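Worksheet: one structure, shown below.
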Amino acid sequence: MSGTRLAFLRPFTTHVFNPLSRRVVSHLPWFGLVIVPGRWTGVIRRVPMNVFHVDDGYAMALTYGRDVDWVQNVLAAGGCRLETRGRIVELRDPELIHDPSRALMPLPVRFFLGWLRVDDFLRLRSG
């Protein structure tokens, strides 16, 4: 299962880190806010994420796995908006990728994700 080493951090991340980080992450390299409506409520969610530019879009490491709400919301919506580096990018065609080689990620990040046992990713195309 992806992200097993981080499972104990999820409550802290959700209730403490995410609310604080939403103010700054969209201006930092390798970070952004995934903006997507909830699939049941329609309420707009703003989820801080590590994001990495790939050929024709962006990829995100799914550190808590592929079954978390925000991932399911993006899949149900067929895309999302991403606020990164001070701009908003429309993303579409979400694709779940299982890749133990972590080839989508920048080289410095691969080792860290391997240590965390993260090998699931969400890739989206710009446009």
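The values are calculated or read from the model by the stated rules, or taken from the named source; none is laboratory data. Keep in mind it's a predicted model, so treat the numbers as computed, not measured. Here Cβ is always computed from backbone atoms with ideal geometry, including for glycine, and neighbour counts include all displayed protein chains.
Considering segment 84-94, and only residues there that are closer than 23 Å to Val25 by Cβ and free of Cβ contacts under 8 Å to residues at least 40 places away in the same chain, the residue that is surrounded by the most Cβ atoms within 10 Å (Cβ to Cβ) turns out to be Leu91. For the residues Arg102, Arg123, the requirement of being among the basic types (Lys, Arg), farther than 19 Å from Ser26 by Cα and surrounded by 18 or more Cβ atoms within 10 Å (Cβ to Cβ) singles out Arg102.
Of all the residues in segment 41-90, those that are touching a strand residue (DSSP E or B) at 6+ places or on another chain (Cβ under 9 Å), modelled with pLDDT under 95 and of a type in the set (Lys, Arg) number 4. Selection within segment 39-82: residues that are in a strand (DSSP E or B) and charged (D, E, K, R). The member of this set that is nearest to His98 (Cα to Cα) is Arg81.
Yes or no: segment 105-117 includes at least one residue that is aromatic (Phe, Trp, Tyr), surrounded by 12 or more Cβ atoms within 10 Å (Cβ to Cβ) and under 15 Å from the mean Cα position of the chain (by Cα). Scanning segment 105-117, I find no residue that is aromatic (Phe, Trp, Tyr), surrounded by 12 or more Cβ atoms within 10 Å (Cβ to Cβ) and under 15 Å from the mean Cα position of the chain (by Cα), so the answer is no.
Out of the residues in segment 105-120 that are of a type in the set (A, V, I, L, M, F, W, C) and in a helix (DSSP H, G or I), which is farthest from Phe31 (Cα to Cα)?
The initial filter retains those residues of segment 105-120 that are of a type in the set (A, V, I, L, M, F, W, C), namely 105, 107, 109, 111-113, 115-116, 118.
Next, only the ones that are in a helix (DSSP H, G or I) stay: 107, 109, 111-113, 115-116.
Numbers: Leu107: 16, Val109: 13, Phe111: 18, Phe112: 16, Leu113: 15, Trp115: 20, Leu116: 18 Å.
Only one residue fits best here, namely Trp115.
A Cβ distance below 9 Å, combined with a sequence gap of six or more or placement on separate chains, defines the contacts here; from segment 53-80, residues that are under 21 Å from Arg39 (Cα atoms) and acidic (Asp, Glu) reach residues that are outside any loop (DSSP other than H, G, I, E, B) and at pLDDT below 95 in the pairs Asp69/Arg45; Asp69/Val47.
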